[in-house]
Structures are given as structure tokens and as C-alpha cells.
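In what follows, a structure is listed as C-alpha cells, so that the remarks can point back to it.
The values are calculated or read from the model by the stated rules, or taken from the named source; none is laboratory data. Small disclaimer: the values here were computed from a predicted structure and weren't measured. Heads up, the Cβs are rebuilt from the backbone with ideal geometry, glycines too, and the neighbour counts pull from every protein chain shown. Quick note on the areas: whole protein, heavy atoms, side chains included, nothing else; ligands and nucleic acids left out. Shrake-Rupley method; radii C 1.70, N 1.55, O 1.52, S 1.80 Å.
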Amino acid sequence: MDKVIALLVLSSLPQLVTPFVSSLRAEVKVKPQTSWIFTGEGTRLTCSVPDNGRSVWDYQWFRGSELLPQTGENFSLWKAKMKESGNFSCEGVRDMLLGKVYTLRSLPVDIRVDGGLAILQVLPHPGLIGQNMSMTCRVRRNSPVSETIFYKDGIEVRREIGPNAQLHLTNLRHEDEGIYSCRASWDTRGRTISVISAATYVHIGEVLSQPVLEIHPNLSGDNEMNLTCHVQYNAHSILSTPSINFFFYKNNNRLGMTPNKNYQVVKQTPGLYSCKVKVLELGFTTFSEPKQFGEDTGPRTTELPPLSSTPVPEPSALPAARPLTTPLTPKAPAHWQYTQEPGEGSGKFSEESGDFSEESGDFPEESGDFSGGSGW
């Protein structure tokens with residue numbers, strides 16, 4: 001009888017166990033790099049869990065909050081349609097003795113399937129302060145572009161004659177952020193065809209993101225909890241990741257010794273918790289937003305500087321900061337460069353003369369209003 005009872009208890013355990021959420025966060029990468037494609041084209045997303053290969057993970061995919069039927073490390077869109085656009089994310093999942101373990105869901109990747117005739121391709125995107133960026137006008141079917149115009153916030157910043165014009169932005173600054181678009185034109189059968197891309201918001205971010213603190217109480221009843229500090233080091237091409245030091249605080253008092261890991265186990269007590277990230281190579285120190293756990297009525301000290309939402313450079317580590325904004329003028333900034341490279345044509349679209357539909361009968365019906373490109 002004892003064996004029967006034990007068997008019944010063990011068989012009921014999986015129903016009583018709550019799925020465990022790991023402090024790891026899945027990551028998504030897009031191949032090729034561009035996440036804006038024409039209808040009929042394809043792209044592939046890859047999901048991974050940064051645990052140095054210690055565990056074998058399966059993966060599940062989401063578009064917005066919708067759980068998609070596809071599983072596995074790779075997610076592909078083939079002959080994509082406009083309705084398949086969306087914010088894609090993934091999470092890792094693996095089986096354990098007492099149930100499944102899930103990672104935190106990855107940050108979303110915005111995949112846009114464009115039904116128009118021109119796309120402003122921005123690489124890399126988002127841009128990073130101090131790095132470079134390149135913009136190209138892609139035209140469906142690689143039409144023979146003879147002129148390309150680039151716009152920022154509705155103002156023309158560059159006009160190039162010939163195919164494959166590119167707009168290069170070097171040593172990116174905050175004022176380079178804005179809404180960009182492009183127009184490509186070519187002549188055919190005695191008429192000029194001009195196509196316009198949809199407007200694209202180009203974001204210029206920091207190399208080091210603001211940390212995010214997560215608090216996970218231990219469900220085993222030992223009165224402990226895990227503090228995890230998430231930070232993103234943004235770099236498109238690096239030889240090695242710089243050393244990152246993490247510090248944890250309760251009511252502005254530092255907890256324990258300086259750890260070299262992004263998590264710390266502490267007693268489960270009420271208070272206002274935060275974390276700090278310090279990167280010596282970059283000269284950056286940045287704080288998370290404080291997060292309240294439980295009800296705290298105890299005294300607080302003010303040993304630390306006010307919590308900041310942006311990276312704070314160490315003294316003399318970086319050059320003097322530039323203004324974040326500058327007045328818009330039709331003249332391009334001096335640090336921008338413009339080149340035309342040989343190769344296949346690329347550009348964007350709008351009709352300046354003649355009936356375009358007679359010239360392009362083989363374009364898909366999804367392309368919509370030719371004079372305005374594609375919408376968001």
C-alpha cells in the first residue's frame with residue numbers, strides 16, 4: 001500500500017509544479033541584416049540563449065503576443081506577404097525533472113514586409129554613437145536608377161546622379177537621429193519614372209544601454225531572492241566584449257562585494273533595489289531605475305549619486321558632449337559622406353510623368369499607391 005501511495009504522489013508532482021523562469025534572456029538575430037524586405041522576398045531569424053552552451057534548449061517563437069506554431073532555433077519567412085509583418089521574439093525552453101524551464105523572452109525584432117517599389121535600407125540599424133552608418137535606396141526589380149535624392153525630416157540633404165548612390169554617416173551623433181526617406185528616378189520609353197520610399201525613423205543609440213534590474217523571489221521557501229542586472233553592450237563589430245562590473249544596492253547601500261557576474265542572491269527583505277554597471281574601457285557608469293520589493297519603512301542613506309537613466313562617463317574618459325539637437329537646415333552636416341559605387345541599381349519611387357501602371361504591369365498588386373511608396 002505504501003508503494004501505491006508513493007507512486008500516486010510522484011505522478012501528481014508535475015501538475016503541482018509551476019513552470020520555472022530562468023534569469024537568462026533569449027536573443028534574436030536577423031540574417032541578412034536588413035529587417036525590411038519587399039513582398040515576395042524572404043528573411044531568417046535565429047534564436048539563441050547566452051549560457052555558454054551549458055544546456056540544450058528548444059525554442060518557441062512569437063509575433064507580438066501570438067505564439068507561432070514554428071519551433072526550433074531558426075524561423076524563416078519565405079515569399080513574405082505584408083500581413084506577416086510584426087514584432088518577432090523568441091524564448092528558450094528545456095525540460096527538467098520537475099517541469100519546464102523558460103528563459104525570459106527576447107527583445108522584439110521589427111520585421112516589415114513592404115508592398116511598395118522602394119525601400120530605404122539602413123545598415124547597421126539602430127546606429128550607435130561614434131560609429132558609422134550607410135543608407136541605400138533599394139528599388140524593386142533593380143530598375144536602372146539615374147538619380148537618387150535623400151531626405152531627412154522632409155528636407156533634401158543629398159542628390160546623386162547615377163546608380164547605386166549611398167549616403168554615409170560617419171561618427172554618428174544624437175542629431176543624426178530622425179526620419180529619413182529617399183527618391184529614385186529613371187527614364188524609360190521617353191518618360192521619367194520616380195519612386196519614393198516610406199519614411200523610416202533612424203534611431204541613434206548608446207553603446208551601453210541602461211541596466212534593467214529584475215527581482216526573482218526563490219520559491220523553495222528559503223527566504224532568499226535573486227537580483228539580476230540586465231544590460232546590453234551594443235556593438236556591430238568587436239574583437240572582444242569589454243569587462244563589465246556589476247554592483248547591487250538596497251536603499252542606496254551596496255550589497256556584498258563587487259561581483260563580476262550580473263546576478264546576486266540576497267535575503268528576501270523589503271526595500272528599494274537597484275544595480276549599477278561600470279565599464280572601465282569605455283569610461284561609463286550607468287544605473288538602473290530603482291525597483292521596490294515589498295513594503296519598506298526603514299531609513300535610507302544618500303551615499304550614491306542620484307540614479308541616472310543615461311550612461312555617465314568617468315572624468316576625462318570621453319570628449320566633451322555635443323548638443324543633442326541642432327536646427328534643421330537644408331545643408332547636410334560636414335561629417336556626412338556621399339559615394340556612388342558600381343554595381344546593380346538601387347533606389348526608390350514616385351511617378352513624375354506618364355502612367356506608371358502601363359510601364360510596370362508585372363509589379364505586384366500589393367504595391368498600392370505608387371506616388372507615395374508604402375506606408376508604415
Close pairs (8 angstrom Cβ cut-off, 6 or more residues apart or separate chains): open to solvent by 10 Å² or more (accessible area, probe 1.4 Å) in the range 194-210, among the charged types (D, E, K, R) and not in a loop (DSSP other than H, G, I, E, B) anywhere: I196/R183
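Right, R140: touching a strand residue (DSSP E or B) at 6+ places or on another chain (Cβ under 7 Å), open to solvent by 10 Å² or more (accessible area, probe 1.4 Å) and more than 20 Å from H203 (Cβ to Cβ) or not? Break it down into steps so the answer makes sense when it comes.
Working: touching a strand residue (DSSP E or B) at 6+ places or on another chain (Cβ under 7 Å): yes; open to solvent by 10 Å² or more (accessible area, probe 1.4 Å): yes; more than 20 Å from H203 (Cβ to Cβ): yes.
In short, yes.
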If I go through the range 273-299 residue by residue, how many of them are at pLDDT 90 or above and either farther than 27 Å from V207 by Cα or loosely packed, with under 15 Cβ neighbours inside 10 Å (or both)? 3
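Could you check how many residues of the range 59-78 are among the charged types (D, E, K, R) and either touching a residue at least 40 places away in the same chain (Cβ under 8 Å) or within 15 Å of V30 (Cα to Cα) (or both)? Even if it seems obvious, please write down each step before you answer.
Taking the range 59-78 as the starting set, the residues that turn out to be among the charged types (D, E, K, R) are 63, 66, 73.
Then drop every residue that is not either touching a residue at least 40 places away in the same chain (Cβ under 8 Å) or within 15 Å of V30 (Cα to Cα) (or both), which leaves 63, 73.
Residues meeting the conditions: 2.
Take residues that are polar (S, T, N, Q) and closer than 30 Å to Y59 by Cβ and tell me which of the strands (runs of 3 or more DSSP E) falling wholly in the range 104-175 contain 1 or more. Steps first, answer last, please.
Working: elements: 109-114, 118-123, 133-139, 147-152, 155-161, 165-169.
Ranges flagged: 118-123.
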Residue within the range 243-255 that is surrounded by 15 or more Cβ atoms within 10 Å (Cβ to Cβ), modelled with pLDDT under 95 and over 30 Å from K267 (Cβ atoms) present: no
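Do we have any residue at all in the range 88-102 that's of a type in the set (S, T, N, Q), farther than 24 Å from W57 by Cα, surrounded by 20 or more Cβ atoms within 10 Å (Cβ to Cβ) and modelled with pLDDT of 90 or more?
Within the range 88-102 (the criterion being of a type in the set (S, T, N, Q), farther than 24 Å from W57 by Cα, surrounded by 20 or more Cβ atoms within 10 Å (Cβ to Cβ) and modelled with pLDDT of 90 or more), the answer is no, since none of the residues qualifies.
Just name the residue that is nearest to L45 (Cα to Cα) out of those in the range 73-103 that are of a type outside the set (A, V, I, L, M, F, W, C) and outside any strand (DSSP E or B). Show your work before the answer.
As a first pass, look at the range 73-103 and keep what is of a type outside the set (A, V, I, L, M, F, W, C): 73-74, 76, 79, 81, 83-87, 89, 91-92, 94-95, 99-100, 102-103.
When the remaining residues are screened for being outside any strand (DSSP E or B), the result is 73, 79, 81, 83-85.
Details: E73: 8, K79: 15, K81: 16, K83: 17, E84: 14, S85: 13 Å.
Among those residues, the one meeting the criterion is E73.
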Looking only at the range 43-59, and only at residues there that are within 19 Å of the chain's Cα centre (by Cα) and not hydroxyl-bearing (S, T, Y), the one that is modelled with the lowest pLDDT: P50
Based on what the data block shows, is L107 open to solvent by 60 Å² or more (accessible area, probe 1.4 Å), touching a residue at least 60 places away in the same chain (Cβ under 8 Å), out of contact with any Asp or Glu (no Cβ under 6 Å at 6 or more places or on another chain) and farther than 20 Å from V49 by Cα? no
